[in-house]
Structures are given as C-alpha cells and as structure tokens.
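S.K.: This is the structure I have questions about; it appears just below.
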Amino acid sequence: MAVMQGWEQLVARYLRAKEEFETKGDEQALKTTINVDQGKPYLPKVLTIGDGLSDEMLRALSQRFPMKMAPAATRFLTVQVDIQANRFVVQIDAWGVGLERWLIDRFDLMVPPELAPGGQRDAAGNAARSIDPGRYVEDWEVLSPLLERHYPVAGGEFEIRPAAMIIDSGGQPGVTENAYLFLRRHKKSGNARRVFLVKGQGGLDKDRARFGQPQKMDKRRRTRRTDIELVYAGTDLLKDEIALSLTRKDPGPGAYHLPEQLPDHVFEEFCAEVRMPGGWEKKRHGIRNEALDLAVYGKALTIVLKADKIPDWDKPPAFARPLDDNTFSRRTDGQEMEEVDAPVKRTPRRKRRENYVARGMNGGL
C-alpha cells in the first residue's frame, strides 16, 4: 500500500502521530497514517468506550482535591460559560503542562446585576427577576467580574486569575445579539484578547477549532464584513477528546481531573451523550449536557490560544509561564507580576484584510 515509503518512514510517521494523539488528543494524524500508509480502516479511540462513559465511572475516577483552588501545577485558568434561559452556567478549569486539566469550580449565575432593569434588591436582598440573557444585555455584566476573580493556588504562595473566558453565542432569541454587544464592549475596554464567543459545529469533518468572522449574506449575496470574530468549535471531534481525557486513569498530558465533591448532576451532564458512528447524540431528549459542552468550549479556547502547540513548556507564552513569572498570577501578599501582552496576538488590520481575502474570509487559524 505504501510502495514509495520504507518501513523506517512508516514506523516514524506512526510514532509521531501516536505521540500527537497522546499529548494533544488530536487523532487526525493517527487516522491518516493508518488509513493511507497502512491501508487499514481506522477505529476512533472513543468508540472503544461505547456506553462505558457513565457517571458511575467518572465518580470512581474522580479525585480528592479542593474546589475553588488551583493545583500547584497550574499554568493558566480558563472560564467557560453556557447560556440558559434563566441563568449563566459557569465552569472554571485549571491547565498545566501538556494541557493536563482540572475542573476547579462550577456554579450558576441567576441574579441580574443590581443596576440592570429589575435588578434592584428588596429588604431581603432578592431581585425582582432572574437573569434573562436574551432580553437584557445588562445582565451580561455579571460575567465581567469573572475575569478578575483570583483563585488561590495550592501551596499558599500565589493566586491566579483567568487568562481568558469563552461564552456560548447561541440559544434563546436575543442571545446572539446581546453576546455580540457584550463582546464589543470588552473589545472597546481593551479585553479583546481575553473574551471570546463560541459557536459549535457538529460533524466529524469540521476543524477542531478555528477563529474567524461569521459570514453574513445580504440580498445581493455578497459577503459583508463584520467586527465580530467567533471561535468555531468542532463539537464532535472535541467531545471525542474530552471522553478520552476523562477516562484516562493516569495523570499527565491531556488528562482531565474531576473533583469528587462535584454535584451529582455535573457527573451526569458529562455522560449525557453517547458516541455513534456519525458523531455524538443525546441519550434521551431533554437531558442536560452543560458540563460536556463547557468542557468542549474550554478545549476549543486552548486551541485558539495555541496552547496545544507550545513546543517547549520551559519557554511558553507569558500566560502559560510558571506562577512566579506569569501574566495573570500574583503573590498572596498582593504583589502582582509584571503585566505583559494577553494571550492572543492579533494580526495587523491590513494583514488581516489580506488573509480574509486569501482564505475566503474564513479567518482560519
């Protein structure tokens, strides 16, 4: 099947692809070398799990580490936000070398800001309504403080705030428009490199993640430019990676660690879907899957930040450095580290325009 390659080349390509899968969770190179070089059908690794991904399994694999505290091995934090009709669902992950990952916080935001319409508190401290992301853009301001929330790091010497936040951009009517307004507000305030919106794309033929402009068509069917850029997440491929990382029993690159004190419903949300030959499907209608979606958003964000391509973790970008030299960490005595550029470097406007034309305005990574 590979008459133009010798055994040494075939083995080397296989070993490189295997290493890429083990360190990054990306199976594409492994699939290619097995299909093309070896002439064999490829069985996605996640299909070996089948229905075995269950909340009982995840509870058994969960570990005893404190929530609301980052492990000592942390290099950076990310915030993931899912949109529901009456709340924002938030998950915080800590990331270490090789994108080893720990879920350190999970909560719902249900009360609107006090300055939002209907947000005024009564004598008992209650608001007149719950959060309504589609109707009130003012409600989105409850997310802004998450960027500046510092989490203590195990060991007691440092605390760290998130490097970036990624937010679902779809849902009830009005959500997308308000999400765009929220993003524009943060871009204007200088947080463009820390706030991202995500749009999921199903299908095994999609990119794992890419960052670019949405395409809008006018009546003449001409593409119109927009100031908005989205993270497009290939949900099926990333769910494959999440399932494998959750069921890895040993610590190390790519492992996803869950704390044993997570609420039962969060374990159940991770297992709300099953992998079919064509992709992931919910096990039954109406079942909640927020934890799985949030895990996907977090992995897509690290790809956009190019954290999965860090060649040498001894010389990483500023946001992923050890805590004593990290952009987003500070000593517990309140002394902050020296500020440097935030995670994503933007291409100059003129260069971006050329890239959009060259790439069909996809804005690919």
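S.K.: Can you work out the base-10 log of I(q)/I(0) for segment 139-268 at q = 0.12, 0.19 1/Å, using the Debye formula on its C-alpha atoms alone?
M.R.: At q = 0.12, 0.19 Å⁻¹ the computed log10 ratios are -0.67, -1.35.
S.K.: Compute the Kirkwood hydrodynamic radius of segment 119-211, taking the inverse of the mean of 1/r over all pairs of distinct Cα atoms, and give it in Å to one decimal.
M.R.: Kirkwood radius, segment 119-211: 15.8 Å.
S.K.: Sticking with this one: Using per-residue counts of other Cβ atoms within 10 Å, averaged over each peptide, order 161-170, 274-283 from highest down.
M.R.: Per-residue mean Cβ counts within 10 Å order the peptides as 161-170, 274-283.
S.K.: Okay, moving on. With viscosity set to 1.002 mPa s at 20 °C, what whole-number translational diffusion coefficient in µm²/s follows for segment 48-358 from Stokes-Einstein and a Kirkwood radius over Cα pairs?
M.R.: The Stokes-Einstein estimate is 105 µm²/s.
S.K.: Assigning unit charges at the beta carbon (Lys, Arg +1; Asp, Glu -1) and nothing else, what dipole magnitude in debye, to the nearest 20, does segment 48-358 show about its Cα centre?
M.R.: Charge dipole of segment 48-358: 1860 debye, to the nearest 20.
S.K.: Given the pairs Lys199/Lys306; Lys40/Lys239; Lys18/Lys299; Lys40/Lys206; Lys40/Lys249; Lys18/Lys283, which span a C-alpha to C-alpha distance of over 26 angstrom in this model?
M.R.: From Lys199/Lys306; Lys40/Lys239; Lys18/Lys299; Lys40/Lys206; Lys40/Lys249; Lys18/Lys283, over 26 Å: Lys40/Lys249; Lys18/Lys283.
S.K.: Okay, next question. Looking at the P(r) of segment 229-274, how many percent of alpha-carbon pairs lie beyond 17 Å?
M.R.: Result for the distance tail: 46 percent.
S.K.: Between the alpha-carbon centers of segment 70-98 and segment 100-176, tell me the distance in whole angstrom.
M.R.: 12 Å
S.K.: Between Glu141 and Glu56, what is the label-point separation in nm under the 7 Å Cα-to-beta-carbon projection?
M.R.: About 4.9 nm separates the two model spin labels.
S.K.: Would you be so kind as to identify which of Ser189, Ala116, Gln172 lies farthest towards the positive end of the dipole of segment 92-191, taking Lys and Arg as +1 and Asp and Glu as -1 on Cβ and the Cα centre as origin?
M.R.: In segment 92-191, that residue is Ser189.
S.K.: Can you order the peptides 4-15, 91-102 by their average number of other Cβ atoms within 10 Å per residue, highest first?
M.R.: Peptide ranking by packing, descending: 91-102, 4-15.
S.K.: Rank by packing, highest mean first: peptides 181-191, 314-324, with packing defined as the count of other Cβ atoms within 10 Å averaged across residues.
M.R.: Peptide ranking by packing, descending: 314-324, 181-191.
A short reminder: the numbers here are calculations on the coordinates, not readings from a lab. Keep in mind that what you see is a predicted model, and the values were worked out from it rather than measured. Glycine also receives a Cβ, built like all others from the backbone with ideal geometry; neighbour counts cover every protein chain displayed.
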